[in-house]
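One structure is given here, and the rest of the page talks about it.
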Amino acid sequence: MGSLLASTSAKDGFVHLSVNNWDWAMFGLLLVSLMALDLFLHRGHETPERRRIVKETLCWVAVALAFGAWIWFRFGGAAAGEYYSGWAIEKSLSVDNVFVWALLLGPASFAVPLKYQHKVLFWGVFGAIVMRFIFIGAGTTLLEKFWPTVLIMGAFLLWTGVKVFKHSEDKPSEGESSVIRLVRKVVPVSDELDGAKFFTKINGKRVATPLVAALIVVELTDVVFAVDSVPAILAVSREPYLVLTSNLFAILGLRSLYFLLAEAKDKLHYLPKALGVVLVFVGAKMSIGHWYHVNTSLSLLVIALILTTAIIASLRRNTEQVSIDA
């Protein structure tokens, strides 16, 4: 079936699909159902247990991989390869997003209690999904109409990758602090939380709680990360269906990934630098894409090796540090 529905253009080397309305409807229904289920399971605002977080993270990964298997059955192995590559890129880049969220929601910034963070992140991810629709639509249109866009996006990713590699701060930047101050000027924000409510009343006046301010800043950071991740994923696929589904399935698991990795930020010392290397690799791939198409399977292997090397190196560093301290 896949060979009848997917084709690879000799000109650009990417898969191009014949996607019907049923494919889009099925994905939309699945997306809404998963978000509704996630919201239902976390309706109690309880502090998440680590065992539950691990299970949820594995479930989100399993769902994404299963959808990739469906892509394989429906459109063929080449389409599945682009889907999995896009998912891997977005998932790896989202780690940096997770670390920024941890700083913004933690004691150094908004100090949102752990049991309320899921609500902020749920709506933050919902906003990220909406923005991905917009950014991906705009990006694919630009690439179709004006091919030098690949050079611009490639150069941007190279520059961003170098910047991320050099970045080593462990606290919110001055730019992020300025955004927080701006939010408090534009939106009347109370000093105290009112449970999990986004709005409350003080002296008869309706005001936002700190959760709204935190959500606004989370959404702003989502815009920044979308600017990085969308060009990166367009380097491995130009098919809107594959780009969008892989991107959104990676985003859906961000909340559980956040709770899983937030505590491990200091233990994954080399991971942020590895993300910079990934961006440089993807940027280089995109820059030469008009003249030479790097095999999708090779791209996925390179990204996996970069991330695996960073994790192993971080674990070894931690072990050596413990030995020195002992």
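Points to keep in mind about this one:
- Failed criterion for VAL217 (all others in (1) more than 23 Å from ILE152 (Cα to Cα); (2) not in a helix (DSSP H, G or I) hold): (2)
- Checked against (1) over 22 Å from ALA102 (Cβ atoms); (2) modelled with pLDDT of 75 or more; (3) outside any helix (DSSP H, G or I), ALA196 passes all but a single condition, namely (1).
- Just one of the listed residues (HIS45, HIS16) is modelled with pLDDT under 90 and in contact with a helix residue (DSSP H, G or I) (Cβ under 7 Å, 6 or more places away or on another chain), namely HIS45.
- LYS166 being among the charged types (D, E, K, R), over 23 Å from VAL19 (Cβ atoms), loosely packed, with under 15 Cβ neighbours inside 10 Å and at pLDDT 70 or above: yes
- LEU65 being under 25 Å from LEU211 (Cβ atoms) and either assigned to a helix (DSSP H, G or I) or touching a helix residue (DSSP H, G or I) at 6+ places or on another chain (Cβ under 7 Å) (or both): no
The values are calculated or read from the model by the stated rules, or taken from the named source; none is laboratory data. Since we're looking at a predicted model, the values are computed, not measured. We place every Cβ from the backbone using ideal geometry, glycine too, and count neighbours over all the protein chains shown.
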